[in-house]
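Structure first, then comments.
Every read-out reported here was derived from the displayed coordinates using simple, explicitly stated rules and does not represent laboratory data. The structure displayed is predicted, hence computed values, not measured ones. With ideal geometry, Cβ positions are generated from the backbone for all residues, glycine too; neighbour counts draw on all protein chains shown.
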Ligand SMILES: Nc1ncnc2c1ncn2[C@@H]1O[C@H](COP(=O)(O)OP(=O)(O)O)[C@@H](O)[C@H]1O
Ligand SMILES: [Mg+2]
């Protein structure tokens, strides 16, 4: 492939919400079955906004992508199934496991997990970690790390598409 060693780190700077949409759509277009995306960043950083674009890029149509605050996990259907978690209101790691987290994480789809640091202990090693820093009103810095073969090949693909 590219000869780069894992982990692979890449920074994407979004100067506007439209840039975030481009990043998310490229990730969704590159996504592979089994990809786990761990989203980290303060309230209002843009985690949900990015998942919405990932879903669009993966071909999800006519389904509303919002933070799954009350149900904790929402499922969308595109080229691949997307499982969208928001662990913000999760009371414990057990609650996440009772939700069937391990089945979702091992399923044939893409898992997008907001507030992923809260459930880091049960995430697999091969994760695409996206840490969003708020730089200005519309400015965001996306620190992206691929920690295994699936996340790395997805990262190579969307990085190339965006470069
Ligand atoms: N570059 C950007 N990328 C993402 N969101 C942005 C950007 N600039 C401004 N925003 C705004 O920031 C907010 C992000 O909200 P949201 O995605 O719900 O955050 P989170 O899920 O991290 O709490 C939205 O109101 C969005 O309009
Ligand atoms: Mg959110």
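Given the Cα-Cα distance of residue 18 and residue 99 and 0.36 nm per residue of separation, how much length would full extension add, in nm?
Values: separation 81, 0.36 × 81 = 29.16 nm, distance 3.33 nm.
25.8 nm is the gain from fully extending residue 18 to residue 99.
Quick check on the exposure proxy: order 139, 19, 62 from fewest to most C-beta atoms within 10 angstrom.
Numbers: 139 13, 19 17, 62 6.
Result, fewest neighbours first: 62, 139, 19.
How high is the FRET efficiency between residue 75 and residue 137 when r is their beta carbon distance and R₀ equals 25 Å, given to the nearest 0.05? Walk me through the intermediate numbers first.
On the way: r = 33 Å, r/R0 = 1.30.
With a Förster radius of 25 Å, E is 0.15.
What does a probe at residue 42 reach in the stretch 123-141, counting residues whose amide N is under 20 Å from the point 7 Å along Cα→Cβ?
130-141, by backbone N distance to the label point.
What's the ranking of 27-38, 83-94 by average number of surrounding C-beta atoms within 10 Å, highest first?
Numbers: 27-38: 21.8, 83-94: 16.8.
Top to bottom by mean Cβ count within 10 Å: 27-38, 83-94.
Between residue 162 and residue 88, what is the spin-label point distance in nm, taking each point 7 Å from the Cα along the Cα→C-beta axis?
So the two model labels end up 2.3 nm from each other.
So how many Å³ per residue does the convex hull of the Cα atoms of the stretch 8-162 work out to?
On the way: hull volume 14.9 nm³, N = 155.
Normalising the Cα hull of the stretch 8-162 by residue number yields 96 Å³.
Between the stretch 98-163 and the stretch 38-68, what is the C-alpha centre distance in whole Å?
Using only Cα atoms to place each centre, the spacing works out to 12 Å.
Please rank 40, 134, 122, fewest neighbouring Cβ atoms within 10 Å first, as an exposure proxy.
Placing the least packed residue first, the sequence is 122, 134, 40.
Report, for the chain, the % of DSSP beta bridges that are antiparallel, rounded to 5.
Details: 19 of 32 bridges.
Around 60 percent of the beta bridges assigned by DSSP in the chain are antiparallel ones.
From Cα pairs below 8 angstrom and at least 6 apart in sequence, can you work out the relative contact order of the stretch 8-162, rounded to a whole percent?
On the way: 317 pairs, mean separation 54.1, N = 155.
Worked out over the stretch 8-162, it gives 35 percent.
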